Structure formats: structure tokens, C-alpha cells
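**Student:** One structure follows; several queries about it will come next.
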Amino acid sequence: MILLQNDAQLKILNEEVMSLRERHQKITAQLSNEPDAKTIIRLEDEIRKIGAQVNKWIRELTEISKARTKLEVQFICLRSDIRLSTVNIEMANMDIDRIELNYRQLWNDFLYNNNSNNSEFVSNDNNSN
């Protein structure tokens with residue numbers, strides 16, 4: 001959403017730049033001749049309007065810059081969150097592996113202990129008479 005808004009603002013600013021260039025050419029053409037008092041007053045008014053427009057553009061560019069900086073910070077935070085999640089997943093996998101290993105060892109110990117305790121009573125020897 002913010003990117004679309006920024007792109008739209010940049011498009012508008014580019015159109016305004018073209019308009020400003022045309023106005024500059026007109027002013028230059030009027031100044032190339034010896035202007036009368038009315039022309040000078042009109043040109044001064046036009047210069048004030050252009051100054052106001054430039055100030056408006058500067059504010060808009062500042063807003064665009066702030067929004068893009070905010071997006072960059074959000075992307076950095078998201079990238080960091082992804083890395084943290086990846087590390088957490090890897091640690092969870094290591095924990096699962098360790099739990100499985102401990103379970104197998106515990107089970108094997110249990111079977112060994114039961115087998116050695118029962119070996120007196122149970123014989124696996126098929127040669128019993």
C-alpha cells in the first residue's frame with residue numbers, strides 16, 4: 001500500500017517537474033525581451049507560485065523518504081525475525097533429536113535391566129530338557 005502510494009506520488013511529482021520546466025521556459029522567453037512593469041509583476045507572482053510548489057514538493061519528497069525508510073526498517077526487522085525463527089527451528093530440531101536419543105538410551109537401559117533381571121528365570125536356550 002505504502003509503495004503504491006509512493007509510486008503514485010513520484011509519478012505526480014514527475015508530471016509537476018515537466019510543468020515547472022514549461023513554466024521556466026515561458027519565463028525565460030518573457031525575460032529575454034525587455035519586460036514592462038506588468039510583465040515583471042506577473043513574473044514575480046509566477047516565481048512566488050513556483051516557490052510555493054517547490055516547497056510543497058520538498059515536503060512530499062520528505063514524506064516519501066520517511067515512508068521508504070520506515071519500510072526499509074520493517075524489512076530489516078522481518079529479515080531478523082526470519083533468521084531468529086530459523087535458529088529456533090534448528091534448536092527445536094536439535095532438542096527433538098536429543099530427546100529421541102535419550103528416550104532410546106532409556107528404553108535400551110530398561111530392556112537391558114529387565115533382561116538381566118529376568119535372565120535367572122527365563123532362559124532363551126532352546127536345549128532345555
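**Student:** Select from R98, R59, R79 the residue whose mean-square fluctuation is largest in a Gaussian network model of the chain (Cα-Cα springs shorter than 10 Å).
**Tutor:** Greatest mean-square fluctuation among the candidates belongs to R98.
**Student:** If I fit a long axis through the Cα atoms of helix 2-32 and take the longest principal axis of the Cα atoms of the chain, what angle between them do I get, 0 to 90°, rounded to 10?
**Tutor:** 20
**Student:** Compute the distribution of all C-alpha to C-alpha distances in the range 12-97, in bins of 5 Å from 0, and list the percent of pairs in each, rounded to whole numbers.
**Tutor:** Computed distribution, short to long bins: 3, 11, 12, 12, 9, 8, 7, 5, 6, 5, 5, 4, 4, 3, 2, 2, 1, 0, 0.
**Student:** Something else about it: List the lysines whose Cα sits under 24 Å from the Cα of K26, skipping any in the same chain fewer than 8 residues away.
**Tutor:** K11, K38, K49, K56
**Student:** Ok, one more. List, in order, the whole-Hz ³J(HN,Hα) value for each residue of the range 75-92 obtained from phi through the Karplus relation with A = 6.51, B = -1.76, C = 1.60 and θ = phi - 60°; use x for Gly and Pro.
**Tutor:** The phi angles translate into 5, 4, 4, 5, 4, 5, 4, 5, 4, 4, 4, 4, 5, 4, 5, 4, 5, 5 Hz.
**Student:** Is there a quick way to get the dipole size of the range 2-115? I mean about its Cα centre, with the Cβ of Lys and Arg at +1 and of Asp and Glu at -1; what is the value in debye to the nearest 20?
**Tutor:** Rounded to the nearest 20 debye, it is 460 debye.
**Student:** Still on this model: Springs between alpha-carbon atoms under 10 Å, Gaussian network over the chain: tell me which of S85, S116, S32 tops the mean-square fluctuations.
**Tutor:** Highest fluctuation among the options: S116.
**Student:** Looking at the chain as a GNM with Cα springs under 10 Å, which of E16, E34, E72 has the largest mean-square fluctuation?
**Tutor:** Per the Cα network of the chain with a 10 Å cutoff, E34 tops the list.
No value in this document is a laboratory result; all are computed from the given coordinates. Here the structure is a predicted model, which is why all the values come from computation and not from measurement. Cβ atoms come from the backbone with ideal geometry, glycine included; neighbour counts cover every protein chain shown.
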